[in-house]
Amino acid sequence: MANIHQFDVLVVGAGGAGLMAGLYASKTAKTAVISKLYPTRSHTGAAQGGVGAALGNIEEDRPEWHTYDTVKGSDYLGDQDAIEFMCNEAVQAVYELEHYGLPFSRTPDGRIAQRPFGGHTNNETGKPVRRACYAADRTGHMILQTLYQQCIKNDVKFFDEYQVLDLLMVNGAAAGVVALELSSGELHVFHAKSVIIATGGHGRVFEITSNAYAYTGDGAAIVLRRGLPLEDMEFFQFHPTGIYKLGILITEGVRGEGGVLINDKGERFMDKYAPHVKDLASRDVVSRAMYLEMRDKRGIGGKRYLYLDARPETINKYAALDGRTNPDGSPYVISGDELLGKLPDIVDFCRTYIGVDPVTQPMPVQPTAHYTMGGIPTNKFGQVIHDDQNTPVPGLYAAGEAACVSVHGANRLGTNSLLDLIVFGKHAGLNAAEYANGADLQPLPQDPEDYTHQQIDFLRNGSGKENVFDIGNEMKAVMFDDVGVFRTEEGMAKAVEKVRELKERFKQISVADTGRIFNTELLNAWELSNLLDISEVVAVSALNRKESRGAHAREDYPERDDENWMKHTLVWQRDGKLEIGYKPVVYTHFEPKKRVY
Ligand SMILES: Cc1cc2nc3c(=O)[nH]c(=O)nc-3n(C[C@H](O)[C@H](O)[C@H](O)COP(=O)(O)OP(=O)(O)OC[C@H]3O[C@@H](n4cnc5c(N)ncnc54)[C@H](O)[C@@H]3O)c2cc1C
């Protein structure tokens, strides 16, 4: 029998969502956080641009405007009750982070600084509003450091470099998880009353991505294998500005500071596609515009990239043409030093990785797979739901990018993910603790690590000819090419077939390292099995949805079809086959209308 630990609340994942959940659960319940990475190495640390909240520190702003922008950004697929809740909680949540010690950038009079971001507007003028609260271009890094310190202060117990491989469910309720300790290869059973899954996204299903190697959809795959559904997995966001070929993200904050996209003819093309907000349209709109420019041979040198120009002279030229002003009404002008002060990491990335200095040269960019709007379905209390009636699974919660509340619907606005983490992370933590304080532990199953042993033995004992890298590369290529920015029936059908073929080939893999200590090869193989399961769900959901909405853009069905498709997709894996169902979208105030920027 493995090592057994007992807690009231278990959080799987130590990113922004997991730490916020752990912090709030620990206020009233014995709480542990388990993470395959050391907590401050979690992917939240990569978040650059900011966290959205209508503080109105620089100009007038209101939570109702933030709510409407988010509903519109979601292409009306987001659940409006949850969006309203998130945008109303945002202001308090950001001040809470400030009080925990987060070193936000400041206005000259000492308030939290804010900048514009795509899709965030003053609803009366339609112009971009400064809503993103930021700590230079290291906002996520600061969130992680701040929350980790608060968790330590609050006696949260951390299990770092433990990889969770299975969720234990007893009598239809969560009972704990099974994890492998990376340093020893030993299995541990964590027995708990509540489990919160906060394992982040799965961008590694795509070839060009801004996502870290650890983004392998572990939580979503584990839940799927335990018979629970995944929601709206066809909606995957491609961020417009990844560094060409590398995918490393150049934050939208660059365009927020005035940077513009330029084609091979030297034209600023976004005013054709989004005449009002131009380069600050929502991400799906900008990514598609870039794709069309490249398709019509206006990529730089005819290649599949464009320029993001943030040289101060370019910013100042277009700011003058757009009539952009500072809050005091003076013309907006930026210097090279100011750019460096506001975006130090971006300048550094470009200098280091591609030898381009953004202060004097334009940056080569292409859309990069960035964020999953879909995930483990939850309600706004963080409870995982398992059917089209929104029935909660007792004791099981999810938050952050792994979850689908759904506040992002078909397309997420920038800065709303960090917001999602802190708002729903907090409420998942509070509610999981409250549940645990009123519930008994479920009994452990007879042999709790049985399924985990089966998975590991299969990987360790395989002697076939296939290897993890070939299968992974083929999966990433077909997903990027055929389930990417633009999609067709033929391409997606090909992708489904290819992924299924790769799943068959995966049965023949062998792993050279059979050791126990830090066997990363074995774990990479396990992660690939997750990515394959997730790819199949993404491709099948995308093929099934016969319309274009948000990030899901079909060339064969170019229009949004509210009559037939204003509904969430749910997908279950049953006996190795996928089953599709639906659940309704929640409306409060906003009737769907055509989305124009
Ligand atoms: C480059 C970049 C820039 C971004 N900038 C912004 C921004 O400016 N504003 C914004 O709102 N959003 C931004 N985003 C999106 C946002 O950062 C992420 O969506 C968010 O940080 C995800 O947080 P999370 O807590 O859900 O997951 P993560 O921070 O990824 O944490 C996941 C955790 O789960 C753990 N884990 C995973 N699998 C397992 C397992 N099997 N067992 C144990 N532990 C596991 C990991 O160790 C990690 O601790 C950006 C994203 C990227 C990639």
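The values are calculated or read from the model by the stated rules, or taken from the named source; none is laboratory data. Please read all numbers here as calculations on a predicted model, not as lab measurements. Every residue, glycine among them, receives a Cβ derived from its backbone with ideal geometry; neighbour counts consider all protein chains shown. These area figures cover heavy atoms from the full protein model, side chains too; ligands, DNA and RNA do not enter into them. Shrake-Rupley method; radii C 1.70, N 1.55, O 1.52, S 1.80 Å.
Numbers at a glance
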read-out: In the range 402-436, the residues that are open to solvent by less than 10 Å² (accessible area, probe 1.4 Å), under 29 Å from Arg130 (Cβ atoms), more than 11 Å from the ligand (Cβ to nearest atom) and not in a strand (DSSP E or B); value: Ser406, Val407, Gly409, Ala410, Asn411, Val423
read-out: Some residue of the range 116-126 being open to solvent by less than 50 Å² (accessible area, probe 1.4 Å), outside any loop (DSSP other than H, G, I, E, B) and away from the ligand (no atom under 15 Å from the Cβ); value: yes
read-out: Hey, Thr241 modelled with pLDDT under 95 and of a type in the set (Val, Ile, Thr) or not; value: no
read-out: Of the criteria (1) more than 27 Å from Pro116 (Cβ to Cβ); (2) out of contact with any Leu (no Cβ under 7 Å at 6 or more places or on another chain); (3) open to solvent by 20 Å² or more (accessible area, probe 1.4 Å), which one Asp388 fails; value: (2)
read-out: Failed criterion for Gln237 (all others in (1) assigned to a loop (DSSP other than H, G, I, E, B); (2) surrounded by 24 or more Cβ atoms within 10 Å (Cβ to Cβ) hold); value: (1)
read-out: Enumeration of residues in the range 1-46 that are away from the ligand (no atom under 14 Å from the Cβ) and of a type in the set (Lys, Arg); value: Lys27, Lys30
read-out: Single residue of the range 199-227 satisfying the filter (out of contact with any Leu (no Cβ under 7 Å at 6 or more places or on another chain), open to solvent by 10 Å² or more (accessible area, probe 1.4 Å) and of a type in the set (A, V, I, L, M, F, W, C)) that is farthest from the ligand (Cβ to nearest atom); value: Ile208
read-out: Subset of the range 267-289 [more than 20 Å from the chain's Cα centre (by Cα), part of a loop (DSSP other than H, G, I, E, B) and aliphatic (A, V, I, L, M)]; value: Ala274, Val277
read-out: Residue list for the range 557-588, restricted to those being surrounded by fewer than 17 Cβ atoms within 10 Å (Cβ to Cβ) and closer than 21 Å to Ala539 by Cβ; value: Pro558, Asp561, Asn564, Lys567, Arg574, Asp575, Gly576, Lys577, Glu579, Ile580, Gly581, Tyr582
read-out: Unique match (being in a loop (DSSP other than H, G, I, E, B) and farther than 29 Å from Pro63 by Cα) among Asp155, Asp166, Asp137; value: Asp155
read-out: Any hit, the range 76-96, residues being out of contact with any His (no Cβ under 9 Å at 6 or more places or on another chain), assigned to a loop (DSSP other than H, G, I, E, B) and surrounded by fewer than 19 Cβ atoms within 10 Å (Cβ to Cβ); value: no
read-out: Matching residues in the range 242-266 - criterion: being more than 16 Å from the ligand (Cβ to nearest atom), assigned to a loop (DSSP other than H, G, I, E, B) and closer than 15 Å to Arg311 by Cα; value: Gly258, Gly266
read-out: Checklist (1) more than 30 Å from Gly185 (Cβ to Cβ); (2) within 14 Å of the ligand (Cβ to nearest atom); (3) open to solvent by less than 30 Å² (accessible area, probe 1.4 Å) applied to His141, failing item; value: (3)
read-out: The range 177-198, subset under 27 Å from Glu231 (Cβ atoms) and of a type outside the set (Val, Ile, Thr), residue most open to solvent (accessible area, probe 1.4 Å); value: Lys193
read-out: Within the range 437-459, tally of residues that are closer than 22 Å to Leu528 by Cβ, among the polar types (S, T, N, Q) and open to solvent by 50 Å² or more (accessible area, probe 1.4 Å); value: 1
read-out: Residue satisfying all of: in the range 13-66; more than 12 Å from Phe158 (Cβ to Cβ) and touching an Asp or Glu at 6+ places or on another chain (Cβ under 6 Å); most open to solvent (accessible area, probe 1.4 Å) among these; value: Lys30
read-out: Residue match in the range 351-362 (condition: touching a strand residue (DSSP E or B) at 6+ places or on another chain (Cβ under 6 Å) and crowded, with 24+ Cβ neighbours inside 10 Å); value: no
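Condition check ((1) modelled with pLDDT of 95 or more; (2) away from the ligand (no atom under 16 Å from the Cβ); (3) open to solvent by 20 Å² or more (accessible area, probe 1.4 Å)) across all residues:
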| residue | (1), (2), (3) |
| --- | --- |
| Leu102 | yes, no, no |
| Arg111 | yes, yes, yes |
| Gln149 | yes, no, yes |
| Val156 | yes, no, no |
| Phe159 | yes, no, no |
| Leu167 | yes, no, no |
| Asn171 | no, yes, yes |
| Ala175 | yes, yes, no |
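Yes/no matrix, rows are residues, columns are (1) closer than 25 Å to Gly414 by Cα; (2) touching a Ser or Thr at 6+ places or on another chain (Cβ under 7 Å):
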| residue | (1), (2) |
| --- | --- |
| Tyr291 | yes, no |
| Ile300 | no, no |
| Leu306 | yes, no |
| Glu313 | no, no |
| Ala319 | yes, no |
| Asn326 | yes, no |
| Val359 | yes, no |
| Thr368 | yes, yes |
